[in-house]
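Read the structure below first, then the notes.
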Amino acid sequence: MEVSNTRNHSSKRKHDDTVSSSNGFNNNVDLSLLEAIEKSQNTIEVVDNRTLKKLVLSFERRLKENIEARLKYPNQPDRFADSELELHEELQKLKVLAGAPELYPDLVNLNVVPSIVDLLNHDNTDIAIDVVQLIQDLTDEDVLDENDEPARVLVDALVDNSVLELLVQNLHRLSESDPDENAAVYNTLASIENLIEVKPGVAELVCEKTKLLKWLLGKIKVREFDGNKQYASEILAILLQNSTANQKKLGQMNGVDIVLQAVAMYKSKDPKSSDEEEMVENLFDCLCCLLMPLENKERFVKAEGVELMIIIMKQKKLAYASAIRALDFAMTNYPPACERFVDVLGLKTAFAAFMGKIHISKKNKKERYQEDLEERIVSLVASLFGGILRGSRRERLLSKFVENECEKIDRLMELYIRYSDRVKAETERLDQIKLDDLEMDEDEKYNRKLESGLYTLQLVAVILGHIWCSEHPQMRGRIELLLKQNKLSKNHVKDILQEYHDNIGDLDGPEEKERAQTKIQKFLMAL
């Protein structure tokens, strides 16, 4: 089972409500500055090194005045209010640096990053909100495009000065009932996403050094849907996607159970908007990532995740295909999940999907939906065969292919022929590219074939191998008849299995690779 990267960060979403000024801050300062920047007139015409130094010096002066005023009049807010307003204005002015990311190394060399980051600790939440917005602006993907090295210099400086710890610490004191603080929550998550985009290692670092995972779990537990819950689900999926450490850590925090509770809200209802629909997809992405480590598969079974996914499938709502995907992840290389699936009568539900006997809602009538569903259910059936090797459960699984005059073998062969034709067409196309002297190595060719449907074809061949090894004469006869009708032989299936055997990777370790290859060799010999 491969984790497909379903996340697309090519263009980051923007929060609907921009962070507005509060507590007496003069909103005109920000607006007039933005207008000046846009028109490239008045205050700042060109952002160069000289401008940078002027901005930094002015900021540091206002910061010093604010610190002194607060120390001198700690219990008299009216005596330091003006210095706070001026500090706010200086932070707004620093946003102009987002227009000159090539100056980021110079900004770091001026040693101002520690002062900026430290303001996330400021007693006035509005100042901390200003800093969150500034960090988001400076690290925005659109700003950093084609400025990889300056971006890394800035992000390294931010991380070295505890920006992750302070961002998350500040997150815990923000109240989402306040519009400005609600926007700041969103901007904090955006900043963390930006930092990960520049420096992928931040994904594990932020989970190791902060309580972000705990905050995200708390957010997705809330029943009410809002933009921040949606973004929290996306950030959680990003953190889990390529990190076994984060997957295991979240599992230890009761994460499997909490994510199951979150998706259970949609077992018998559909999301009300496209944003809510995206959140549900994010939650299932989280669940599938969580199901990569073995210990989390065990937690999934104990939390009755198998039963929940079957209920979702039976309801035939929007999450139908996602539930199949989650079951496939749970059952891959984990027999206890396969056994539980059979024991709670999941075969009937699974094979209804396998036969295409499902109602596709209008929301799901996307071009690729039916095909994705087909591929997922084939993978799930292959996982079942791989996890249930003997006994009455195996007999129940095999009997599904005999009932109704072997209709499921007919369906299996229909899929085999269709995907075989598709892979054949792609192979011929790739051979033509080779003839045209365009360079393409064998790995790239193989990956192109996988994308065209080879992986699903291989799984269908694996299922055929399992069925053939059962030595059931009726099923064997049906397979041979259908191959002959399509002018194919068992050698065609063997060729597909051989290619699969030769390309089995060692992602799960050398022992698992050897076990998988031995199983395929058994099929090859039987055929």
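Before moving on, here are some points about what is shown:
- Loop trypsin sites (Lys or Arg not before Pro), the range 424-527, which have at most 11 other Cβ atoms in a 10 Å radius of their Cβ (DSSP): LYS487
- Signed unit charges on C-beta, dipole axis of the chain, positive-most listed residue LEU138, PHE80, CYS338: CYS338
- Where labels lie 7 Å past Cα in the beta-carbon direction, separation of GLU307 and ARG152 in nm: 5.1
- The chain, accessible area per residue, ligands and nucleic acids excluded (1.4 Å, Å²): 48
- Peptide packing for 64-75, 400-411 was compared via the average number of neighbouring C-beta atoms within 10 Å per residue; ordered from the highest value, the list is 400-411, 64-75.
- Counting only residues at least eight positions apart within a chain, or on another chain, the aspartates and glutamates with an alpha carbon under 18 Å from that of LYS316 are ASP270, GLU276, GLU277, GLU278, GLU281, GLU307, ASP328, GLU371, ASP372, GLU374, GLU375.
- Structure note, pairs LYS54/LYS199; LYS219/LYS302; LYS449/LYS494; LYS54/LYS95; LYS211/LYS269; LYS267/LYS314: Cα-Cα distances above 20 angstrom occur for LYS54/LYS199; LYS219/LYS302; LYS211/LYS269.
- Here is how the number arises for the chain: DSSP H runs of 4 or more residues each give -39500 (n - 2.57), the sum is divided by the residue count, and the result at 222 nm is -22500 deg cm²/dmol.
- In percent, rounded to a whole number, the relative contact order of the chain is 8, using alpha-carbon pairs under 8 Å and six or more apart.
- For the range 440-527, the list of GluC sites (Glu not before Pro) that fall in a loop by DSSP and count at most 15 other C-beta atoms within 10 angstrom reads GLU471.
- Here the gap between GLN315 and ILE67, fully extended at 0.36 nm per residue and compared with their Cα-Cα distance, gives a gain of 83.3 nm.
- Unsatisfied cross-links (Cα-Cα over 26 Å) in the set LYS424/LYS487; LYS317/LYS445; LYS490/LYS519: LYS317/LYS445
- Counting only protein heavy atoms and a probe of 1.4 Å, the accessible surface of the chain is 46% carbon and sulfur.
- Sequence ranges 346-357, 325-336, 96-107, ranked by mean other-Cβ count within 10 angstrom, highest first: 325-336, 96-107, 346-357
The values are calculated or read from the model by the stated rules, or taken from the named source; none is laboratory data. Treat the numbers as computed from the prediction; the structure is a model and nothing was measured. All Cβ positions, even for glycine, are placed from backbone atoms using ideal geometry, and neighbour counts span all protein chains on display. Keep in mind that these areas ignore ligands, DNA and RNA; they rest on the heavy atoms of the full protein, side chains included. Shrake-Rupley method; radii C 1.70, N 1.55, O 1.52, S 1.80 Å.
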